[in-house]
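Trainee: One structure follows; several queries about it will come next.
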Amino acid sequence: AGTFDMGCTTAQQADERCRSDESPVHTVTLTHDFYMGETEVTQEEYQAVMGTNPSGFSSCGSTCPVESITWHEAAEYANAISLLDGLTECFSCVDGECSTPESPYTCDGYRLPTEAEWEYAARGGTDYLYAGSNTLDDVGWDEFNASYKTHPVAQKIPNDLGLYDMSGNVWEW
């Protein structure tokens, strides 16, 4: 839980990396604590639970992030690992279509973070341009340093909360 300024902050505006949907900056208070995995879900983790690896970069190796899945498939994965750990499913899914819980805090299972939770976790209490640094090469893979492919998770430095790959490697929702 905590309070932070969400949106394109002054430091980011000066670097001209803001998108139109990131303004205006506004104060957000998260009233519930939450946990987040320290890396993206790997292809190996996804395949072990779901029985398939839909990744376009499957030659990258089992420690690369799973990609090429829909939001609905990510929600189904969250439900599946919840059941494996004896927890309550958070998403209602029927025929490959999932809906978000009315309140994300009503279930004890795994779920995707809200947009505010994701940004709070990515910022890690800082106002860097990227999650953990003002220099993208320190914390993330992008089209210029990644040779247009994904890389194994946790190869760059983590942000101040110990989370890896919050900037780059694959797109998050």
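The values are calculated or read from the model by the stated rules, or taken from the named source; none is laboratory data. These figures come from a predicted structure and were not determined experimentally. Here the Cβ positions follow ideal geometry from the backbone for every residue, glycine too, while neighbour counts run over all protein chains shown. Quick note on the areas: whole protein, heavy atoms, side chains included, nothing else; ligands and nucleic acids left out. Shrake-Rupley method; radii C 1.70, N 1.55, O 1.52, S 1.80 Å.
Trainee: Could you list the GluC sites (Glu not before Pro) in region 111-173 that lie in coil according to DSSP, counting only those with at most 12 other Cβ atoms within 10 Å of their Cβ? All intermediate terms of the calculation are to be shown ahead of the outcome.
Mentor: Values: sites: E115, E117, E119, E143, E172; in loops: E143, E172.
Listed in order of number, the matching sites are E143.
Trainee: Just check region 52-99 against the gyration tensor rule for me: Cα atoms, a ≥ b ≥ c as the square roots of the eigenvalues, rounded for a/c under 1.5, and otherwise prolate or oblate depending on whether a/b exceeds b/c. Write down the numbers at each step before the final one.
Mentor: Working: a/c = 3.47, a/b = 1.67, b/c = 2.08.
The shape class here is oblate.
Trainee: Continuing with the same structure: How do L83, L129 rank by accessible surface area computed with a 1.4 Å probe, from largest to smallest?
Mentor: On the way: L83 100, L129 35 Å².
Per-residue accessible area, sorted high to low, gives L83, L129.
Trainee: Between G96, G140, G162, find the one with the highest GNM mean-square fluctuation for the chain; connect C-alpha pairs within less than 10 Å.
Mentor: Maximum among the listed residues: G96.
Trainee: If exposed trypsin sites (Lys or Arg not before Pro) are those in a DSSP loop with at most 15 other Cβ within 10 Å, what is the longest stretch of the chain that has none?
Mentor: 20-148
Trainee: Please check: in the Gaussian network model of the chain (C-alpha springs, under 10 Å), which one of H26, H151, H72 has the largest mean-square fluctuation.
Mentor: Per the Cα network of the chain with a 10 Å cutoff, H26 tops the list.
Trainee: With +1 on the Cβ of every Lys and Arg and -1 on the Cβ of every Asp and Glu, and nothing else charged, how large is the dipole of region 65-157 about its Cα centre, in debye rounded to the nearest 20? Intermediate values should be presented prior to the final figure.
Mentor: Details: 4 positive and 17 negative charges, 61 e Å.
With Lys and Arg at +1 and Asp and Glu at -1, about 300 debye.
Trainee: Got the relative contact order for the chain handy, in percent, Cα pairs under 8 Å and 6 or more residues apart?
Mentor: In percent, rounded to a whole number, it is 20.
Trainee: Okay, next question. Could you tell me what a quarter of the Cα convex hull surface of region 106-173 works out to, in nm² with one decimal place?
Mentor: On the way: hull surface 21.0 nm².
Across all orientations, region 106-173 yields a mean hull projection of 5.3 nm².
Trainee: Stick to the Cα atoms of the chain, pair each with every other, and give me the Kirkwood hydrodynamic radius in Å at one decimal.
Mentor: On the way: mean 1/r = 0.0580 Å⁻¹.
Result for the chain stands at 17.2 Å.
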